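Peer 1: Sharing a structure, written as structure tokens. Questions coming.
The values are calculated or read from the model by the stated rules, or taken from the named source; none is laboratory data. The shown structure was predicted, so the numbers you read here are calculated from the model rather than taken from an experiment. Neighbour counts run over all protein chains shown; Cβ positions are idealised from the backbone, glycine included.
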């Protein structure tokens, strides 16, 4: 797999420009899903930006954490210009196992739409991964894994995604996780690089009444 210029261990955050773009599109009913997702994602990003990075050495060694949020990806979907990227936002669910399992990361990202509410079928799967408890969060991410799957565009058809995900936890109790995604996408337009970002918030189980 070709690697994006943004490496696993580089502290580079992809901006959440899609939220701004979508919000500027107005409130027509045809775009409600895209604008609602963008507003929710922007609010989530703001909350996580204001939350301190979780100290890697204090990450749990037992249990799991489930996160819900959004993934942003830029994909080539223009037949006349394969290098042109279109921004999409989708719903993401991530589960992290802290008990040093062979593959601590799992989850999915699906329901991707662009600013015109053009939807992509299919989903991306999260897997593999490593939790780094000895990294310096100022220079290295503390979570890495793989993101792969198949998405379907109305004009381009099947798009095979093979990439990586890297990020860090936020809060003393890992209330959030955010970072970057990048890799290759192969379709009828050929093979191109893609990149993006993600932000997700921990889901707390409520005690049964």
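Peer 1: Residue 137 versus (1) closer than 17 Å to residue 110 by Cα; (2) touching a helix residue (DSSP H, G or I) at 6+ places or on another chain (Cβ under 7 Å): which is the lone unmet condition?
Peer 2: It is condition (1) that residue 137 fails.
Peer 1: Let me ask something additional. Mind checking which residues of segment 109-151 are closer than 19 Å to residue 88 by Cβ, in contact (Cβ under 8 Å) with a residue 40 or more places away in the chain and over 18 Å from the mean Cα position of the chain (by Cα)?
Peer 2: 116, 117
Peer 1: Hey, another quick one. Whether any residue in segment 157-176 is under 18 Å from residue 48 (Cβ atoms) and at pLDDT below 95 is what I want to check. Full working, then the answer.
Peer 2: Going through segment 157-176, the residues under 18 Å from residue 48 (Cβ atoms) turn out to be 165-176.
Next, only the ones that are at pLDDT below 95 stay: 172-173.
Checked against the condition, which is being under 18 Å from residue 48 (Cβ atoms) and at pLDDT below 95, segment 157-176 yields at least one hit.
Yes/no matrix, rows are residues, columns are (1) under 24 Å from residue 195 (Cα atoms); (2) in contact with a strand residue (DSSP E or B) (Cβ under 9 Å, 6 or more places away or on another chain); (3) at pLDDT below 85:
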{"residue": "25", "(1), (2), (3)": "yes, no, yes"}
{"residue": "74", "(1), (2), (3)": "yes, yes, no"}
{"residue": "79", "(1), (2), (3)": "yes, no, no"}
{"residue": "88", "(1), (2), (3)": "yes, yes, no"}
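Peer 1: Residue under question is residue 75, and the condition is that it be surrounded by 19 or more Cβ atoms within 10 Å (Cβ to Cβ) and either closer than 14 Å to residue 187 by Cβ or touching a helix residue (DSSP H, G or I) at 6+ places or on another chain (Cβ under 7 Å) (or both); does it hold?
Peer 2: Details: surrounded by 19 or more Cβ atoms within 10 Å (Cβ to Cβ): yes; either closer than 14 Å to residue 187 by Cβ or touching a helix residue (DSSP H, G or I) at 6+ places or on another chain (Cβ under 7 Å) (or both): yes.
Yes.
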